[in-house]
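Single-structure report; data block below.
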Protein chains: 2
Amino acid sequence: MTKTESSSESHLSGVALWRRIADAIRLDIVGGKRQPGDRLPGETELAERFSANRHTVRRALAALQAEGVIRTEQGRGSFVDQARRVSYRIGKRTRFSENLAGQAATISRDMLSSRLENATASVASALGLRAGTKVTRLETLSSADNRPMSRASIWLSYATFPDFATRFMENPSITATLASYGIADYARASTRISARHADADETATLKLAPGAILLVSEAVDTDLAGKPLLYALSRFPADLMELVV
Amino acid sequence: MTKTESSSESHLSGVALWRRIADAIRLDIVGGKRQPGDRLPGETELAERFSANRHTVRRALAALQAEGVIRTEQGRGSFVDQARRVSYRIGKRTRFSENLAGQAATISRDMLSSRLENATASVASALGLRAGTKVTRLETLSSADNRPMSRASIWLSYATFPDFATRFMENPSITATLASYGIADYARASTRISARHADADETATLKLAPGAILLVSEAVDTDLAGKPLLYALSRFPADLMELVV
DNA sequence: TTATGTTGTCTATTTTATTAGACAAGTAGA
DNA sequence: TCTACTTGTCTAATAAAATAGACAACATAA
């Protein structure tokens, strides 16, 4: 409900009007301006506010309902279902499960797949290896209260951590698996944060609406001596999470 | 060039196919996969790769050319113009001008406007004030090499910093203006990072293509004793910048 | 010059997005 | 029950996105 844009400029945007309306309403909800249980303005009023037809507003509301952000009841109105964004803390010691403790009842991390591959230039430079070195690549999906919250790709040197994937599969925790190699502690060396639209695969695994925005974090964790242990590329739905430094 | 999406699902997305194609190509460029000067594949090949019509690809390329990301020459092809993203470092000591030094030749910060207003709940809690307290609000635009890179809204307690706006206008540097009040040094207490689409105003002042994605940083700077000095809400074009923690 | 591959431009058609209006069906309070 | 307001559903018309095909204009190398 933050912006009102005339439909005459829609052809410049490449983003459908109903989606811009849905984005604006969702922004107020995940930003905390509207609390769960609150009733949204009526469809006619929203149509006026966005200078759009009521049918266009209805399409936006239908999309938000499909996302689980609101719930619409005939004769009564639309009501906010989803709470505001949860925070993911980034610091020297960044641990996924510790991080969301207190903000969700159940937290889980699943391994989607793993494979052995040759390090690309970016992976090699992050891990301090030569390009082409054998590395283990893990694909994981993390959830809070059964809602997918993070899709990560993780690379580790195969020579340093042989068999990492099978150990991780038994107990899908990075901290625990590293401990099994004698790494008692590790620290976050650097984090690069960017944002972009989700692709088809990410839309599916994270159960997002097409066109959703992701926060992308590229991080390197090192041992206490500063030697790179792993390189992680994590994608967070921007509507569900914010990163706190 | 990362994803290939069938056009049959476009009606679910709310984002036009030509814009999804433009986003994919731009992502490869700002991500460093394509260097300035590189030639893109021909329109016919791109059309095949994205399962789209050549006219649709042409519209995507036209949009990228209007953004200044590529340049198209008849009979020759399309060539990458823009370099990869620049990095904005976030840490205990975060200073805009120091941060981009070395990545751009000229760096400037302009004040767009200032006004006195009553603190909203979120501003008040960030600055440790009571809601409704008088605060100065600055709207600034920062550029590197004459390219707008950051649009920020900054709030400070009016009682603590009377006249801040006029002092800032004379020398538009936060560090320098705080120094004029006897604040020799200050530190970043917290930063919250999220992402969303740009609204109409941001699209205009940051000279972005409609529908562009912004990285949003909400930060509180404090004096060395930990007392909040200012609250800043900065928006960075996600295609031009990445945040490094 | 010629052959080939590239981008530029035109017309036409189909599909989707958006608008417009009318009325049914549900809710809540007087 | 009655009234006023809400969401749900239908038909229809217009605007924009996307596809399809043909050919012109330009660049490059043989």
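The values are calculated or read from the model by the stated rules, or taken from the named source; none is laboratory data. Nothing here was measured: the structure is a model prediction, and the numbers come from that model. Every residue, glycine as well, gets a Cβ built from its backbone with ideal geometry; the counts of neighbours run over all protein chains shown. Surface accessibility is based on the protein's heavy atoms, side chains included, excluding ligands, DNA and RNA. Shrake-Rupley method; radii C 1.70, N 1.55, O 1.52, S 1.80 Å.
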Residues to consider are A:Thr44, A:Thr56; find the one that is at pLDDT 90 or above, within 15 Å of DNA strand D (Cβ to nearest atom), part of a helix (DSSP H, G or I) and open to solvent by 80 Å² or more (accessible area, probe 1.4 Å).
A:Thr44
Looking at (1) at pLDDT below 90; (2) closer than 19 Å to B:Leu206 by Cβ, which one does B:Gln65 not meet, given that it meets all the others?
(1)
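Which residue is most open to solvent (accessible area, probe 1.4 Å), if the candidates are limited to region A:59-99 and must be among the charged types (D, E, K, R) and within 16 Å of DNA strand C (Cβ to nearest atom)?
Keep residues of region A:59-99 that are among the charged types (D, E, K, R), which gives A:59, A:67, A:71, A:73, A:76, A:81, A:84-85, A:89, A:92-93, A:95, A:98.
Okay, now just the ones that are also within 16 Å of DNA strand C (Cβ to nearest atom), so A:59, A:71, A:73, A:76.
Details: A:Arg59: 116, A:Arg71: 82, A:Glu73: 61, A:Arg76: 136 Å².
Result: A:Arg76.
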Just one of the numbered conditions (1) within 14 Å of another protein chain (Cβ to nearest Cβ); (2) over 23 Å from the mean Cα position of the chain (by Cα) is not true of B:Pro228; which one?
(1)
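Identify the residue in region A:161-195 that is without any contact (Cβ under 8 Å) to a residue 12 or more places away in the chain and closer than 23 Å to A:Glu117 by Cα and, among all such residues, is surrounded by the most Cβ atoms within 10 Å (Cβ to Cβ). Even if it seems obvious, please write down each step before you answer.
Going through region A:161-195, the residues without any contact (Cβ under 8 Å) to a residue 12 or more places away in the chain turn out to be A:162-163, A:166, A:170-171, A:176, A:179, A:182, A:184.
Of the ones still in play, those that are also closer than 23 Å to A:Glu117 by Cα are A:162-163, A:166, A:170-171.
On the way: A:Pro162: 14, A:Asp163: 12, A:Thr166: 11, A:Glu170: 10, A:Asn171: 12.
For region A:161-195, the residue satisfying everything is A:Pro162.
Among the residues of region B:124-172, write down those that are among the acidic types (Asp, Glu) and farther than 21 Å from B:Ser190 by Cα. Explain how you work it out, then say what you get.
Filtering region B:124-172 for residues among the acidic types (Asp, Glu) gives B:139, B:145, B:163, B:170.
Answer for region B:124-172, where residues must be among the acidic types (Asp, Glu) and farther than 21 Å from B:Ser190 by Cα: B:Asp145, B:Asp163, B:Glu170.
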Could you list, in sequence order, all residues of region B:11-41 that are within 11 Å of DNA strand C (Cβ to nearest atom), at the interface with chain A (Cβ under 8 Å from one of its Cβ atoms) and open to solvent by less than 40 Å² (accessible area, probe 1.4 Å)?
B:Ser13, B:Gly14, B:Val15, B:Ala16
Contact list please: Cβ distance under 8 Å, first residue in region A:46-64 and assigned by TED's automatic domain parsing to the domain that holds A:Ala209, second residue within 8 Å of DNA strand D (Cβ to nearest atom) and modelled with pLDDT of 95 or more, pairs at least six apart or on different chains.
none
Which residues, taken from region B:235-245, are out of contact with any helix residue (DSSP H, G or I) (no Cβ under 9 Å at 6 or more places or on another chain) and open to solvent by 10 Å² or more (accessible area, probe 1.4 Å)?
B:Val244, B:Val245
Just the residues that are more than 31 Å from the chain's Cα centre (by Cα) and within 10 Å of DNA strand C (Cβ to nearest atom), please, taken from region A:45-58.
A:Ser51, A:Asn53, A:Arg54
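For A:Arg71, state whether it is outside any loop (DSSP other than H, G, I, E, B), of a type in the set (D, E, K, R) and either in contact (Cβ under 8 Å) with a residue 60 or more places away in the chain or under 25 Å from A:Tyr186 (Cα atoms) (or both). So that I can check it myself, show each step before the final result.
Working: outside any loop (DSSP other than H, G, I, E, B): yes; of a type in the set (D, E, K, R): yes; either in contact (Cβ under 8 Å) with a residue 60 or more places away in the chain or under 25 Å from A:Tyr186 (Cα atoms) (or both): no.
Judged against the criteria, A:Arg71 is not a match.
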Look at region A:210-234 and say how many of its residues are open to solvent by less than 20 Å² (accessible area, probe 1.4 Å) and closer than 17 Å to B:Ser13 by Cβ.
4
Check on B:Thr191, more than 8 Å from every other protein chain (Cβ to nearest Cβ) and more than 19 Å from A:Asp28 (Cα to Cα)
no
If we keep only residues of region B:100-116 that are open to solvent by 40 Å² or more (accessible area, probe 1.4 Å) and closer than 22 Å to B:Gly31 by Cα, then the residue farthest from the other protein chains (Cβ to nearest Cβ) is B:Ala105
Please name all residue pairs, on different chains or six or more residues apart, with Cβ atoms under 9 Å, provided the first residue is in region B:77-101 and is within 23 Å of B:Gln35 (Cβ to Cβ) and touching a residue at least 60 places away in the same chain (Cβ under 8 Å) and the second residue is open to solvent by 20 Å² or more (accessible area, probe 1.4 Å) and among the aromatic types (Phe, Trp, Tyr).
B:Tyr88/B:Phe96
